[in-house]
Amino acid sequence: MEKNYFHFKNKLSATLLLAAFLLFSFTNVKAQCSTTGWVKIEKGLYHSVALKSDGTIWMWGLNTQGLLGNGSAAQTVVKNPTQIGTDTDWTDISSGCIFVLAKKSNGTLYGWGDNGYGNFGLGNNTDLSTPTQLFGGATVKSFFAGYYHSMVVKTDGTMWGAGYNAWGNIGNGNTTGSHNTWKQETSLATDWEKTAAGWYNSFGIKSDGTLWSCGTNVEGQTGTGASGSPSSSFVKIGTDTDWADVSCGVYHVLGLKTTGKLFGWGASHNGRLGIVGAGAQYFRSPQAIEAASNFSAIGAGFDNSFILKTDGKMFSMGVNDSGMLGTGAAGGDTNSLAPQQVGTDSDWAVICRTHGENMAGAIKTNTTMWNWGSDSNYQLGNDNGVAANQSLPSQVVCASTLSSNDVVAQKSTSSIYPNPAKENITVQSQQKISKIRIYNIAGSLIKNFSFGNDYKVNINVSDLTTGVYIVKINEENTGIKLIKK
């Protein structure tokens, strides 16, 4: 009896040990990348970071100073979305110039990347190469990564800042160059609901719907009507009590009201405010950009702006370097002085907040993600094999999707040229071609052609949207990757 008992006990222990090992193994496996499920995207100087509905965070572009969060500070280029760690309980993200802030489902805040100005508030200036808990585990309800500073609203309604502060942009009453510990804003208020940060400014919205600002005011960015001097403490903007959101670039700011009305202030140069006929002016208080009340989201970039309407249409205005307005114009002298629609689609849902100078992005209602503008470090994530700027939205794809055997096979017996292509392609094969099928990257059939058993055929693809496709010949399950410009 005793022998059987110990035999059973040992067997049970071994079973439990195996179960624990398997549980640990499977709970520490990275998620598979997919082209859908995206809920938020942010951009830093040369990188993109995005959040998925499954609670995972992904990064691509220039990986420097620990941005990939994998424990290494080595500089690399990440061409496709790559998961940061294995955690699946992330709920929000915000990207600074070369650092990231992220919140977990329990309300705690984490950070990684560049910490040169002490923007993590840990009392040092050491970069972080893995997500590291901030604020001693305190819970937060709003946070925002500025260019080199961080702003946080804790669950108790207090607001705090850390990092670069030469313009008083963390609101603690001074213009000390930087603070590597968290500093509370001077009023010690407990009714803050939301915060936002730009290059040298910070903003806050209180529970009563009032909007407040601090930081540089050279171009009127504080929106208080005052001229010139920076404000090192938060000052109320007007008397309105219906502010819903705010987004700030370097020289200009956008504000959105609960009524759906859109406002802008700061420098209007190059059309970044989208105020028709404004020219190069400094607006030191909020100005209505349009009379309409149908705006749902805003995003002020380095030198331009993006706005989303309630009908799902997206518009851009301002500087168009590298084609970053997304209107199809390649850049140069194609700046937009008034809002222009990005493409013709009306299914946009989320627009990107960016600290990058020449790139932008957005997410559609089907949860696919699209980027455009500069691709100098593959920050567009469209894996076309070449770092090439895009003047139209280009879909973000997964490395696993494009590097699988069924994508790269057939290249020794069949070819497509030109590739990338804009209008027409020629498909040539060592076998007679009777059928060609074109699929999008998600695997859906887009086009189906029949031919008379020729070795070389021509196909017009001008009506395909910009992106990556798979071309399959005859009944083969394998295919060739096609890049549509």
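What order, most packed first, do the peptides 193-206, 343-356 have when packing is the mean number of other Cβ atoms within 10 Å of each residue?
193-206, 343-356
Please label the shape of the chain as rounded, prolate or oblate, based on the square roots a ≥ b ≥ c of the eigenvalues of the alpha-carbon gyration tensor (a/c under 1.5 means rounded; beyond that, a/b larger than b/c means prolate, else oblate).
Values: a/c = 2.35, a/b = 1.21, b/c = 1.94.
Oblate.
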Subject >> Sites GLN75 and THR367, calculated FRET efficiency, Cβ-Cβ separation with R0 45 Å, nearest 0.05 >> reply: 0.90
Original post:
Net charge near LYS79, counting Lys/Arg +1 and Asp/Glu -1 over other residues with Cβ under 14 Å of its Cβ?
Top reply: -1
Subject >> Computed label-point distance, nm, for sites THR186 and ASP345 using a 7 Å Cα→Cβ extension >> reply: 4.6 nm
Original post:
Taking the simple approach of a point 7 Å from Cα along Cα-to-Cβ for both GLU475 and ALA226, what is their distance in nm?
Top reply: 7.8 nm
Original post:
Counting only the backbone N, which residues of the range 313-350 are under 11 Å from the spot 7 Å out from the Cα of LYS422 toward its beta-carbon?
Top reply: 330
Subject >> Segments 447-453, 165-171 sorted - mean Cβ within 10 Å per residue, highest first >> reply: 165-171, 447-453
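Note the full-extension length gain between THR465 and LEU445 as 0.36 nm times their separation in residues minus their Cα-Cα distance, in nm to one decimal.
Working it through step by step, the gained length comes to 5.8 nm.
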Subject >> Gyration tensor (alpha-carbon) shape descriptor, the range 113-179, a/c threshold 1.5 >> reply: oblate
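Taking 31 Å as the cut-off for C-alpha to C-alpha distance, list the pairs among LYS104/LYS183; LYS313/LYS435; LYS236/LYS364 that go past it. Write out the running numbers ahead of the final one.
Values: LYS104/LYS183 22 Å; LYS313/LYS435 37 Å; LYS236/LYS364 35 Å.
Flagged as over cut-off: LYS313/LYS435; LYS236/LYS364.
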**OP:** Please identify the cysteines of the chain that lack any partner cysteine with a Cβ under 4.7 Å from their own Cβ.
**Re:** CYS97, CYS214, CYS248, CYS352
Subject >> Proximal charge balance of ASP208 [Cβ under 11 Å; K/R count +1, D/E count -1] >> reply: -2
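Taken together, the values in this text are just the output of simple stated rules run on the coordinates, not laboratory data. Note that the structure is a prediction, hence the values are computed from the model and not measured. Every residue, glycine as well, gets a Cβ built from its backbone with ideal geometry; the counts of neighbours run over all protein chains shown.
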